[in-house]
Amino acid sequence: MSEFAKIEKKWQKRWAKDKIFEADPDSKRKKFFLTVPYPYVNGALHIGHGRTYTVGDLIARYKRMQGYNVLYPMASHMTGTPVQGMVDRVLAGDPDANEMYKRDLRLYFDTEEKVNAQLAKFKDAMTTASFFAKVISQDFSALGYSIDWRRKFTTGDKTYNKFVEWQFQKFMEKGYIKQGNYPLLYCPQDGNPVGEDDLLEGGSAKIKEFTAIKWPFEDGFLVAATLRPETIFGVTNMWINPKAKYVWAKVDGEKWIVSKAATEKLKLQAKEVEIIETFPGSKIIGKSFKSIHDGHEIPILPAEFVDPNNATGVVYSVPGHAPFDYIALRDLWEDPSDLAQYGISPEDVRGIEIIGMIDMKGYSKFPAKDAVENRDIKAQTESEKLENATQEIYKAEFYDGVMKDNCAQFSGRAIKEVKEDVVEWMKTINRVDIFYEPDQRPVICRCGANVEVGVFAGQWFLDYTSPGWKEASRKALENMEIKPDIFRNLFESTFDWLAQRPCARRRGIGTRLPFDPDWIIESLSDSTIYMAYYTIAHHITDNKLKPKQLSYKFFDYVFLGKGTPAKVSKSTEIDVNLLKSIRSEFMYWYPNDQRHTAPSHISNHLSFAIFHHVAIFPEKYWIQLISINEHMNMEGKRMSKSKGNVIPLVEIPEKYGADVFRMYVISAAEPGTMMDWR
Ligand SMILES: [Zn+2]
């Protein structure tokens, strides 16, 4: 141990003995209440986490030196399925999961025997999370963080659960929480919805809604998914992969043709699906189906580029306006030799006339042809160039395009205004449905399975578009300091797109919805107003208050000043004077003067924290300031446990000295810039 380390240890012991970071209300001093989000306790933390907590601690100490009475508390987050998922894998004997936990345990135990003994105790999520909660708090103390540990709790505590129940009861009273059919990313292997935390790959995936168009064919429909439903007037043919498997299936009572792979997705999307017949795509190639608007016959042509795993595996072709379709049709014109086996004559295919259905300045009758020729695209395999051309036409037509006079009742209208109306009209004649896909591939669950979209009846979600909520939250943001202010526009754009967001799931650690206990509130929804809970947590622990005493009346009184202490005392059996001091302690510390964290929290946690404060507390208790420091790289590379380029937090005091680390972290980079550890 170096001299530095000895000195650090000496003072840390002295601080603990003198309890100098235990902050109590003091009416003679100005208070400062600082929070940094509690860590997720599913393993050891590393220096990537260390930057944020260290900067937080430095702010706390700086404010103390300025004479403020500073409260800097910490707790542990364990909500949701990540811990449970890992424990399940350990119990199932998964070698990777075992090794992951062992690697972390070796940081805390010096023999393999002790490591195995601790691992053997990881039989349930609570035990595992509680172990890491304990060692992480020790790591924090060893780094000299000036935390008031009397106020610690975990999000799995029954007393904390009562607080979150109260929070959600408030959302219910305000009409901000709703139940309905809702599409979610879903793991077919686990049989459960998945969140960002559950994904190995595709963590930023969102759900894309396609219009599924039902083209009349024989006694049913050929069903093709599209993002451009207005192009139904320009269809010259259907593309079907001759080698892929297709089915005739009864879908909600109608006969549909889709790829066999698509039937699994339809089932997840709450459709009743019964397969009638499976056949190769080649069987229907050469036949014809009917157009939507005037019923004319259109041929089905072969195309091996059609991926049966993408959407419905049925693709309608608009060669005048879609570069992929244009080049595929051109290829058939140039080499029609494949067509004979399907009984299609080359003359018939050469006779197909491309349809121009959208007028647009700067383009010829067939914009897709322009885009292909400008890029000199020769083959279907030049997918990057083709994707590029597709984007160009999509954007140009959306903003500048006008429907030509071959578009029935929609002729003469601008594309951006007509899209919705075309879908509405097709609804009235039963020609559309909805089909969901993730907006990127691959999206892989931690269990290794491909993630799909599931539609859930009865899903609970918070509706951020509820009347008045966004306006009030924008006001809170305007009056709030953001440091550095360059991050403000990220908040503003998040506020713009926030709409309905699922807030509960079927399993994991956490708080059950008070009005529907089959559901557990998920991890980004139970961690938004807990800064208020810090102000009272030690009273609950020290006085051994029971969960049932922490009723809605208790929290209404403590946080909102509703009711009288006498009445609340009577119904909760909590001493009147204790109630009063809990209430006054909350009023002393709140609002949260500064919340410090990293930019990745802006689009979720921090924005939700603002919205939820606005929903529940009066304006004087809204968050005052949010400060952000950027992430840390390891010698120019992104840090990640799986890459192995991380330094565990626990090793820092021994290896470098806590104070050396703190000095380095605070001086190596401005908060708003990436820090590179070297
Ligand atoms: Zn899975």
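Data overview
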| quantity | calculated |
| --- | --- |
| Number of the condition not met by V372 [criteria: (1) more than 16 Å from the ligand (Cβ to nearest atom); (2) over 16 Å from G320 (Cβ atoms)] | (2) |
| Index of the failed condition, I285 passing every other in (1) part of a helix (DSSP H, G or I); (2) over 28 Å from the mean Cα position of the chain (by Cα) | (1) |
| Selection from region 395-425 of residues that are over 33 Å from the mean Cα position of the chain (by Cα) and either assigned to a loop (DSSP other than H, G, I, E, B) or of a type in the set (V, I, T) (or both) | G401, V402, K404, D405, N406, C407, S411, G412, R413 |
| Strands (runs of 3 or more DSSP E) (entirely within region 182-246) containing at least 3 residues that are more than 16 Å from the ligand (Cβ to nearest atom), of a type in the set (A, V, I, L, M) and within 30 Å of K395 (Cβ to Cβ) | 207-217, 220-226 |
| Test: residue in region 587-594 that is assigned to a loop (DSSP other than H, G, I, E, B), open to solvent by 10 Å² or more (accessible area, probe 1.4 Å) and not assigned by TED's automatic domain parsing to the domain that holds Y68 | yes |
| Selected residue (only one of A129, A117 is outside the structural domain of Y557 (by TED's automatic domain parsing), in contact with a Gly (Cβ under 7 Å, 6 or more places away or on another chain) and assigned to a helix (DSSP H, G or I)) | A129 |
| Subset of region 79-107 [of a type outside the set (V, I, T), surrounded by 22 or more Cβ atoms within 10 Å (Cβ to Cβ) and not in a helix (DSSP H, G or I)] | G80 |
| Members of region 435-481 found to be among the acidic types (D, E) and more than 14 Å from the ligand (Cβ to nearest atom), listed by number | E437, D439, D463, E471, E478, E481 |
| Subset of region 252-265 (residues that are surrounded by fewer than 24 Cβ atoms within 10 Å (Cβ to Cβ) and hydrophobic (A, V, I, L, M, F, W, C)) | A261 |
| Search result, residues across region 84-138 that are in contact (Cβ under 8 Å) with a residue 40 or more places away in the chain and aliphatic (A, V, I, L, M) | M86, V87, M100, L107, A125, M126, A129, A133, V135, I136 |
| Which listed residue is assigned to a helix (DSSP H, G or I) and in the same structural domain as P323 (by TED's automatic domain parsing), from A389, A379 | A389 |
| Residue satisfying all of: in region 496-535; small (G, A, S) and open to solvent by 10 Å² or more (accessible area, probe 1.4 Å); modelled with the lowest pLDDT among these | A499 |
| Per-region count, region 64-78, residues surrounded by fewer than 21 Cβ atoms within 10 Å (Cβ to Cβ) and not aliphatic (A, V, I, L, M) | 5 |
| Failed criterion for V164 (all others in (1) away from the ligand (no atom under 16 Å from the Cβ); (2) farther than 30 Å from L560 by Cα; (3) not assigned by TED's automatic domain parsing to the domain that holds R64 hold) | (2) |
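Here is a yes/no grid of residues against (1) modelled with pLDDT under 95; (2) touching a Gly at 6+ places or on another chain (Cβ under 6 Å); (3) surrounded by fewer than 16 Cβ atoms within 10 Å (Cβ to Cβ):
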position	(1), (2), (3)
T465	yes, no, yes
G468	no, no, yes
E478	no, no, yes
F491	no, no, no
T494	yes, no, no
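Yes/no matrix, rows are residues, columns are (1) of a type in the set (K, R); (2) in contact (Cβ under 8 Å) with a residue 24 or more places away in the chain; (3) in a loop (DSSP other than H, G, I, E, B); (4) in the same structural domain as K416 (by TED's automatic domain parsing):
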| position | (1), (2), (3), (4) |
| --- | --- |
| K271 | yes, no, yes, yes |
| F289 | no, yes, no, yes |
| H293 | no, yes, yes, yes |
| P308 | no, yes, yes, yes |
| D325 | no, yes, no, yes |
| S364 | no, no, yes, yes |
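This table checks each residue for (1) of a type in the set (V, I, T); (2) out of contact with any Pro (no Cβ under 7 Å at 6 or more places or on another chain); (3) more than 21 Å from P299 (Cα to Cα).
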residue	(1), (2), (3)
P183	no, yes, yes
D197	no, no, yes
A205	no, no, yes
A224	no, yes, no
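The values are calculated or read from the model by the stated rules, or taken from the named source; none is laboratory data. Quick caveat, the model's predicted, so the values are computed rather than measured. Positions of Cβ are generated from backbone atoms using ideal geometry, with glycine treated the same way; all protein chains shown enter the neighbour counts. Calculation scope for accessible area: heavy atoms of the full protein, side chains included, ligands and nucleic acids excluded. Shrake-Rupley method; radii C 1.70, N 1.55, O 1.52, S 1.80 Å.
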